[in-house]
Each structure stands twice: as structure tokens, then as C-alpha cells.
Amino acid sequence: QVQLVESGGGLVQAGGSLRLSCAASGSTFNSYNMGWFRQAPGKDREFVATITWITYSAFYADSVKGRFTISRDNAKNTVYLQMNSLKPEDTAIYYCAAKQGAWSNSHDTYDYWGQGTQVTVSS
């Protein structure tokens, strides 16, 4: 079992930055691939980024590539999402998720989820 708690969301103007954090507890954090997903009102949950547990390889959605950076600190059991050059279309609830096995950009392959943190980007 893994418990995930996100933080760091808020209101920011377009072009600004935010850093989201996801603190994990309850199991061996460093054996899980970690992902960030987001869901805007009326839309499906979509993949944002993921980072693997062995090589720390990172993969991104095309919509955030070059603007967002995912990282992890296994000593702190925490994964981060640095979001720069934010756009109004980035407005969503952002969720942290964990899975074992191969990395994935499909939300239905993840086993554990946090409660989400709201990110609002004003124009």
C-alpha cells in the first residue's frame, strides 16, 4: 500500500511557475514508477509526466514537454513537478500516482492515487 499526498497547487498568472510535490508513505517508494496526471472540468484525466524508479527516466505529454519537469527524491519519498511558462489550458486538478512494473502513460494502469491539488492559471 502507498499513500500519496499532493501539495503546491494554487492560482498563478499565465507565464508563471509552480512546483507540485507528492509525498509518499506506506511502502517502498523507490520501487514505484511515479506519474502526474491532470483533469480539467468536463474532460478526461490525462497524462502529464512520469519518472521511472530505476533509471529516473522521464517521459512527458507533448503538451507540457519543454515546460514541465518531473523529478524524484527517493531519500525524501517525494516526487516533484516543476511547471514553468504556465498557460490557462494547464488549469486542472493535478494528481500524483504510483505503479510498479513498466512505466506507463495510461491512468488505468496506476495502482495508487493522491487526492489531487488544484492548479489555476489566469490569463
Enumeration of residues in the stretch 47-73 that are loosely packed, with under 15 Cβ neighbours inside 10 Å and under 22 Å from Val2 (Cα atoms)
Ile54, Thr55, Tyr56, Ser57, Asp73
Go through the stretch 94-116 residue by residue and tally those that are open to solvent by less than 20 Å² (accessible area, probe 1.4 Å) and either without any contact (Cβ under 8 Å) to a residue 40 or more places away in the chain or not in a loop (DSSP other than H, G, I, E, B) (or both).
5
May I ask you to say which residue of Thr91, Thr28 is over 30 Å from Ser123 (Cα atoms) and either open to solvent by 20 Å² or more (accessible area, probe 1.4 Å) or charged (D, E, K, R) (or both)?
Thr28
Residue that is nearest to the chain's Cα centre (by Cα), among those in the stretch 37-53 that are farther than 18 Å from Thr78 by Cβ and assigned to a loop (DSSP other than H, G, I, E, B):
Arg45
Exposed (fewer than 12 other Cβ atoms within 10 Å of the Cβ) and either modelled with pLDDT of 95 or more or within 15 Å of Gly116 (Cβ to Cβ) (or both): is that true of Gly15 in this structure?
yes
When residues of the stretch 54-80 are limited to those that are in a strand (DSSP E or B), out of contact with any Asp or Glu (no Cβ under 9 Å at 6 or more places or on another chain) and touching a residue at least 40 places away in the same chain (Cβ under 8 Å), the one nearest to Gly15 (Cα to Cα):
Phe59
Give the residues of the stretch 9-36 that are small (Gly, Ala, Ser) and over 22 Å from Tyr56 (Cα atoms), sorted by residue number.
Gly9, Gly10, Ala14, Gly15, Gly16, Ser17
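The values are calculated or read from the model by the stated rules, or taken from the named source; none is laboratory data. For clarity, every value in this text was computed on a predicted model and none was experimentally measured. In this analysis, Cβ positions are derived from the backbone assuming ideal geometry, glycine residues included, and neighbour counts consider all displayed protein chains. Calculation scope for accessible area: heavy atoms of the full protein, side chains included, ligands and nucleic acids excluded. Shrake-Rupley method; radii C 1.70, N 1.55, O 1.52, S 1.80 Å.
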